[in-house]
1. May I ask for the angle, rounded to the nearest 10°, between helix 99-116 and the longest principal axis of the chain, with both axes built from Cα atoms and the value confined to 0 to 90°?
2. Solvent-accessible area per residue for the chain at a 1.4 Å probe radius, Å²?
3. Can you compute the FRET efficiency between residue 47 and residue 94 using 1/(1 + (r/R0)^6), with r the Cβ-Cβ distance and R0 = 30 Å? Round to the nearest 0.05.
4. Spin-label point model (7 Å from Cα, Cβ direction): what's the residue 132 to residue 57 distance in nm?
5. Which FRET efficiency value, to the nearest 0.05, do you get for residue 9 and residue 114 by plugging their Cβ-Cβ distance into 1/(1 + (r/R0)^6) with R0 = 25 Å?
6. Suppose accessible area is computed on protein heavy atoms with a 1.4 Å probe; arrange 15, 76 from highest to lowest.
7. Sorted by average packing, counted as other Cβ atoms within 10 angstrom per residue and highest first, what order do 43-53, 85-95 take?
8. Place a +1 charge on the Cβ of each Lys and Arg in region 95-146 and a -1 charge on the Cβ of each Asp and Glu, then give the dipole magnitude about the Cα centre in debye, rounded to the nearest 20.
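The values are calculated or read from the model by the stated rules, or taken from the named source; none is laboratory data. Since the model is a prediction, treat every value here as computed from it, not as a measurement. Here the Cβ is made from the backbone with ideal geometry for all residues, glycine too, and neighbour counts use every protein chain on show. Note: areas computed on protein heavy atoms with side chains; ligands, DNA, RNA excluded. Shrake-Rupley method; radii C 1.70, N 1.55, O 1.52, S 1.80 Å.
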Amino acid sequence: MKALIQRVASASVHIAGKEQASIGRGMLVFLGVIKGDAESDATWLANKVVNHRIFPDEHSSMNVSVQDTFGDVMVISQFTLAASAKKGNRPDLSQAEHPIRAEELYQHFVREIKRLHTTVETGEFGADMQVTLVNDGPVTILLSSS
């Protein structure tokens with residue numbers, strides 16, 4: 001399982017031209033589920049995400065988590081994080097988990113994030129979404145459970 005996390009000043013997601021959700025200062029999480037991932041991967045990664053220290057402390061060092069800042073979190077499903085670009089110029093998505101199982105694990109991840117953190121918004125699994133963000137820093141980090 002992979003989570004691409006971005007520290008944001010704000011973010012929003014639209015589906016079919018209508019705003020689904022928006023957040024202020026916090027973290028945008030793009031989540032990709034890989035074949036063979038399990039609930040334990042989702043639980044571990046959710047904990048890693050909310051405790052990852054990517055926000056500045058009083059000395060401007062990245063030493064504070066989204067938990068510590070009481071920031072917002074938005075989770076967006078993104079199966080293309082499973083892509084491999086080793087061969088050719090077209091992404092190989094064969095390592096992306098089957099959509100039914102991927103949604104189960106995505107929902108488990110979201111439940112874990114909500115259990116650990118208070119302000120959590122989401123997109124809609126499998127939907128064609130338009131995500132807008134103001135990257136803060138910029139800070140973008142790829143986390144993986146494997």
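1. Roughly 20 degrees between the two axes.
2. On the way: 7900 Å² over 146 residues.
Dividing the accessible area of the chain by its residue count gives 54 Å².
3. Working: r = 29 Å, r/R0 = 0.95.
With a Förster radius of 30 Å, E is 0.55.
4. Distance between label points: 3.6 nm.
5. On the way: r = 22 Å, r/R0 = 0.90.
That gives a FRET efficiency of 0.65.
6. Details: 15 30, 76 5 Å².
The ranking, largest first, comes out as 15, 76.
7. Values: 43-53: 18.5, 85-95: 9.5.
Ranked from most to least packed, the peptides come out as 43-53, 85-95.
8. Details: 4 positive and 8 negative charges, 44 e Å.
Using Cβ point charges on Lys, Arg, Asp and Glu, region 95-146 gives about 220 debye.
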